[in-house]
1. Find the residue count for the stretch B:99-116, including only residues that are under 19 Å from B:Leu38 (Cβ atoms), touching a residue at least 24 places away in the same chain (Cβ under 8 Å) and either β-branched (Val, Ile, Thr) or not in a helix (DSSP H, G or I) (or both).
2. Quick one: what pairs do we get from the stretch A:49-69, first residue in contact (Cβ under 8 Å) with a residue 40 or more places away in the chain, second outside any loop (DSSP other than H, G, I, E, B), C-beta under 6 Å, 6+ apart or different chains?
3. Can you tell me how many residues in the stretch A:1-35 are within 16 Å of the chain's Cα centre (by Cα) and among the basic types (Lys, Arg)?
4. May I ask you to list pairs of residues, at least six apart or on different chains, whose Cβ atoms are under 7 Å apart, with the first in the stretch B:1-16 being within 7 Å of chain A (Cβ to nearest Cβ) and the second being hydroxyl-bearing (Ser, Thr, Tyr)?
5. For the stretch B:69-83, give me the residue count where each residue is more than 7 Å from DNA strand C (Cβ to nearest atom) and either surrounded by fewer than 17 Cβ atoms within 10 Å (Cβ to Cβ) or farther than 18 Å from B:Pro27 by Cβ (or both).
6. In the stretch A:56-71, what count of residues is obtained for those that are more than 15 Å from the chain's Cα centre (by Cα) and not β-branched (Val, Ile, Thr)?
7. Could you list, in sequence order, the residues of the stretch B:36-55 that are under 15 Å from the mean Cα position of the chain (by Cα) and loosely packed, with under 13 Cβ neighbours inside 10 Å?
8. Out of A:Val62, A:Val58, report the one residue that is within 14 Å of chain B (Cβ to nearest Cβ), within 12 Å of DNA strand C (Cβ to nearest atom), surrounded by 15 or more Cβ atoms within 10 Å (Cβ to Cβ) and part of a loop (DSSP other than H, G, I, E, B).
Number of protein chains: 2
Amino acid sequence: MAIALRPSQALRLWQQVALHEVENGMPDLSTRQLSILLTIYLDPPPHTVRGLASRLNVSKPVITRALDTMGALELVSRRRDDADRRNVLIGRTVTGALFVERFGDVVIAKAKELPT
Amino acid sequence: MAIALRPSQALRLWQQVALHEVENGMPDLSTRQLSILLTIYLDPPPHTVRGLASRLNVSKPVITRALDTMGALELVSRRRDDADRRNVLIGRTVTGALFVERFGDVVIAKAKELPT
DNA sequence: CTAAATCGTTACGGGACCGTATCATTCAAT
DNA sequence: ATTGAATGATACGGTCCCGTAACGATTTAG
């Protein structure tokens, strides 16, 4: 079933989650980075630079740079595709899985606290 | 009443909203910037640099820089406090109000599309 | 009236990101 | 074998942001 949100609830939910992330010193990911990270963890693999770039309607260097940064944070991994060695397959990491899982828990918790 | 979200719904909602923002070329705000913007528009004024800094548990320059950037985007405004001219009062703008309102609509729309 | 405290901004060196253009590597087709 | 296309990374100049420290302006305290 679909989730029905009123405007004040939708915005308050986003604010509470964002505030929680900032207050707790989580990585200050941009909307782009977050969309890439969540796509990697939610959509079925394989994920490639070109695929993500066209999915998000951005250039390839944007994806490469985001992967550089999130790779340094160990949120995602990169490995060559043995079948076609031009491709880079983007994968999940333990750290990234924990981050995403925890993030989902924060959303759920803040949604539960929303006033009527 | 509280909103009950399952983990897959919570994460999928965030992904869909983030993807929508990126695809449509909206400003690529960081989590910090978003939390500041939403706090200005959702919490009762007055808002000051020091108040936001302590609310978010970050340093004052972080707030100043975020206000610089979002001010250039005309999402927020700054004016001196006549009562105490050390203070800067942070206010809303027409552009910012439209942005926030539209963002809320995106959240609501994506929540409505969530699979059960 | 002077000294301390407060507020927001700026300075600094360093890192991350931008868009565009170009690159090396790899594969596919002739 | 050679050409062409495709993939991801890199180079470039420029902008934004970081954390720390200092700063000017203003208010408050003694």
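1. Matching residues across the stretch B:99-116 total 3.
2. Listed by first residue and then by second, the contacts come to A:Val49/A:Lys60; A:Val49/A:Ile63; A:Val49/A:Val88.
3. Number satisfying all stated conditions: 1.
4. Close Cβ pairs satisfying both conditions: B:Met1/A:Thr116; B:Gln15/A:Ser35; B:Gln15/A:Thr39.
5. Pass one, the stretch B:69-83, residues more than 7 Å from DNA strand C (Cβ to nearest atom): B:69-77, B:79-83.
Next cut, either surrounded by fewer than 17 Cβ atoms within 10 Å (Cβ to Cβ) or farther than 18 Å from B:Pro27 by Cβ (or both) only: B:69, B:71-74, B:79-83.
Number satisfying all stated conditions: 10.
6. So the answer is 4.
7. B:Pro44, B:Pro45
8. Residue meeting the stated conditions: A:Val58.
Every number here is computed from the coordinates shown, using simple stated rules; none is lab data. Owing to the predicted nature of the structure, the values given are computational and were not obtained by experimental measurement. Counting neighbours? That spans all protein chains shown, and the Cβs are built from the backbone with ideal geometry, glycine included.
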